[in-house]
Amino acid sequence: MPEITITRQPGAWATIRDALAGSHHGVYTDGSIDRAIVLLAVPMVLELVLESVFAVVDVFFVARVGSDSVATVGLTESMLTVVYAVAIGLSMGTTAVVARRIGEGDRDGAARTAVQAIVLGILVAIPLGVFGASFAPRLLAVMGAGGDVLAHASYARVVFGCNVVILQLFLINAVFRGAGDAAIAMRVLWIANAFNICLDPCFIFGLGPFPRLGVTGAAVATTTGRGIGVAVQLWLLSRRDGRITIRRRHLRIEPTVMINMLRISGTAIVQMLIGTTSWIGVMRIVASFGSVAVAAATIAVRILLFVLMPSWGLSNAAATLVGQNLGAGKPDRAEASVWRTSAYNAGVLGVLAVVFVAFAAPIVALFTDDPAVAPMATTALRIWSGGFPFYAVGYVLTQAFNGAGDTATPTLINLGCFWCFEIPLAYVLAGPLGFGPAGVFWAGAIGLGSLSIVSAWLFRRGTWKTTRV
């Protein structure tokens with residue numbers, strides 16, 4: 001009688017330990033889907049939490065300077081969403097192509113893709129940096145900034161002028177994620193945030209030998225922390241024992257690979273620009289109600305960005321699973337991974353929605369005690385939190401399209417749900433119907449619900465399974 005060997009799956013805690021240690025081989029085309037989701041999502045969640053810590057830490061310390069300083073950070077960050085859009089769009093294309101090459105077993109092709117992504121990031125960062133640094137005060141004025149906010153325009157100059165570190169941090173971590181090595185991306189953010197947290201109060205308040213730079217010090221500290229993170233990333237890519245190793249033969253521009261990257265990433269950039277510039281439009285409507293409304297919205301958004309990290313981490317895990325499994329010729333496993341991830345995401349954000357609706361006021365109190373700002377920020381937090389479960393499903397599905405290389409579909413979804421629906425609704429609710437800033441907040445929650453419904457309908461059609469990368 002032949003001997004039967006039973007392979008036991010590691011328990012939940014063992015899987016989490018493996019995820020944090022990065023001990024998995026990085027290919028997720030076989031085995032338990034649940035385990036694959038955890039191995040990818042845990043470090044991706046922590047990576048994104050740490051990325052959001054940059055903004056949360058800045059607001060935490062800058063809030064001690066004054067509401068005008070917080071408004072400066074908020075308006076600058078709302079404009080910086082254009083840079084984030086480009087960075088995330090390029091990252092989507094990078095992750096999709098790298099994951100597909102890994103699923104096909106072509107690690108050399110993955111390394112070549114990584115080099116082209118880095119070059120693209122540098123080429124894009126130069127004009128963005130020159131334009132943003134040169135016209136920072138005018139851009140703030142267009143966003144409705146008053147004289148007190150414009151006095152801190154140097155914050156925007158530093159952030160825009162050094163945007164190359166933002167782009168590279170996103171892009172190189174996208175390479176690691178596509179290769180299934182999310183733990184490395186997480187560790188890079190640990191290092192970058194450690195420097196940011198230490199340097200923020202030093203440069204803002206002039207502690208010890210550091211100059212007192214006020215709100216500009218937050219920009220200097222954050223840029224320095226991110227720059228150190230990029231240096232670590234480049235060192236990791238040069239190691240010969242990495243899952244993706246860049247060697248001298250890869251250090252050249254390859255037109256074929258570059259064009260393929262631009263084809264996918266170009267649409268993804270447009271997709272993100274549609275989504276993030278819609279936020280600029282929303283903040284412009286909020287700014288019409290004054291600095292207090294801007295400060296309130298900024299604080300609420302910073303808190304939400306922090307707690308939404310589990311959702312985005314799970315969504316990025318779905319993108320990697322889709323890319324690798326399509327590369328391995330397993331579209332059904334790719335689809336099953338997406339629906340499973342959507343269920344987990346809805347459960348996590350459903351619990352968080354209840355918590356944030358119930359405890360919005362004490363949570364906001366951790367960031368501000370301004371009697372004018374706190375109540376409005378509390379209202380924003382409660383309303384936006386109500387849309388969490390819808391957002392959970394919608395974001396996983398749109399990232400699944402991106403992971404397949406079908407960046408055109410979510411681009412159209414963003415255009416319809418945000419620009420054609422959310423912004424007009426925000427204007428009507430805030431102005432003609434008289435809801436004020438609360439009308440803008442309600443429009444955001446409703447817009448997220450529409451995103452989920454449309455994404456689910458299009459995903460079930462299955463055309464994304466035949467996308468060529």
| remark: Each label sits 7 Å from Cα toward the beta-carbon; between residue 262 and residue 438 the label points are separated, in nm, by 5.0
| said: Sorted from largest to smallest, which semi-axis lengths in Å does the alpha carbon gyration tensor of the range 29-466 give for its equivalent ellipsoid, taking the root of 5 times each eigenvalue? | reply: 33, 26, 19
| note | Most packed first (mean Cβ within 10 Å per residue), the peptides 188-198, 441-451 order as 441-451, 188-198
| note | Counting as exposed only trypsin sites (Lys or Arg not before Pro) in DSSP loop states with no more than 16 other Cβ atoms inside 10 Å, the longest exposed-site-free span of the chain is 253-459
| request: Considering Cα pairs under 8 angstrom that are at least six residues apart, work out the relative contact order of the range 29-466 and quote it in whole percent. | output: 23
| query | Mind checking the angle between helix 107-134 and the chain's longest principal axis? C-alpha axes, 0 to 90 degrees, to the nearest 10. | reply | 10
| remark: Placing +1 on each Lys and Arg Cβ and -1 on each Asp and Glu Cβ in the chain, then taking the dipole about the Cα centre, the residue among 210, 312, 400 whose Cα reaches farthest towards the positive end is 400
| message | Give me the extension gain from residue 357 to residue 151: residue separation times 0.36 nm, minus the current Cα-Cα distance, reported in nm with one decimal. | response | 70.6 nm
| Relative to the longest principal Cα axis of the chain, at what angle does helix 33-62 sit, 0 to 90 degrees, rounded to 10? | 20
| task | Return a whole-number percent for the relative contact order of the range 26-139, with Cα pairs under 8 Å and 6 or more residues apart as the contact set. | result | 19
| said: On C-alpha positions alone, give me the angle between the axis of helix 255-287 and the longest principal axis of the chain, in degrees, nearest 10. | reply: 30
| field | Extended-chain gain in nm, criterion 0.36 nm per residue less alpha-carbon gap, residue 365 and residue 343 | value | 4.7 nm
| query | With charges only on Cβ, +1 for K and R and -1 for D and E, what is the dipole size of the range 29-466 about its Cα centre, in debye, rounded to 20? | reply | 1080
| request: Quick one: which residues, 5+ away or cross-chain, put their amide H under 5 Å from the amide H of residue 330? H built at 1.01 Å from N. | output: none
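We did not get these values from a lab; they are worked out from the coordinates using the rules stated. If you're wondering where the values come from, they're calculated on a predicted model, not measured in any experiment. As a convention, Cβ positions derive from the backbone with ideal geometry for all residues, glycine included, and neighbour counts pool all protein chains shown.
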